[in-house]
Amino acid sequence: MKNFRLINVEREKLVSITCDDCGNNYDDPIDIQGFLIMNLLGGYGSIFGDGSKIQCDLCQHCLKKNLGQFLRVQSPE
């Protein structure tokens, strides 16, 4: 027989993000939802170094400003 009890577990909750480009801090969930949050690992022969962590957080405004010409944006049908 298995016996269970409820336990309280602490966990981290994202409350805001600061854009790495413009430096603005966003705490509204709608704004946070529009962020590009990038977490990569440099692969073999990477120009960043093998196994290097590559991270970037961009708000939607800076994403459009910096990468807009490369983005393929499709409206929902």
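The table that follows gives values for the structure above.
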{"quantity": "Top-ranked residue in segment 5-42 [being part of a loop (DSSP other than H, G, I, E, B), under 17 Å from residue 63 (Cβ atoms) and hydrophobic (A, V, I, L, M, F, W, C); ranked as least open to solvent (accessible area, probe 1.4 Å)]", "calculated": "19"}
{"quantity": "Filter result for residue 2 (open to solvent by 100 Å² or more (accessible area, probe 1.4 Å), touching a residue at least 40 places away in the same chain (Cβ under 8 Å), out of contact with any helix residue (DSSP H, G or I) (no Cβ under 7 Å at 6 or more places or on another chain) and at negative phi)", "calculated": "no"}
{"quantity": "Conditions (1) at pLDDT below 95; (2) open to solvent by 70 Å² or more (accessible area, probe 1.4 Å); (3) of a type in the set (S, T, N, Q); number of the one not met by residue 69", "calculated": "(1)"}
{"quantity": "Residues that are more than 13 Å from the chain's Cα centre (by Cα) and either closer than 24 Å to residue 68 by Cα or touching a residue at least 24 places away in the same chain (Cβ under 8 Å) (or both), drawn from segment 6-28", "calculated": "21, 22, 23, 24, 25, 27, 28"}
{"quantity": "Filtered residues of segment 43-65 (kept if open to solvent by 70 Å² or more (accessible area, probe 1.4 Å) and of a type in the set (S, T, N, Q))", "calculated": "55, 60"}
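The values are calculated or read from the model by the stated rules, or taken from the named source; none is laboratory data. This structure is a prediction, so every number in the text was calculated from the model and none was measured. Using ideal geometry, Cβ is built from the backbone for each residue, glycine included, and neighbour counts are taken over all protein chains shown. Note: areas computed on protein heavy atoms with side chains; ligands, DNA, RNA excluded. Shrake-Rupley method; radii C 1.70, N 1.55, O 1.52, S 1.80 Å.
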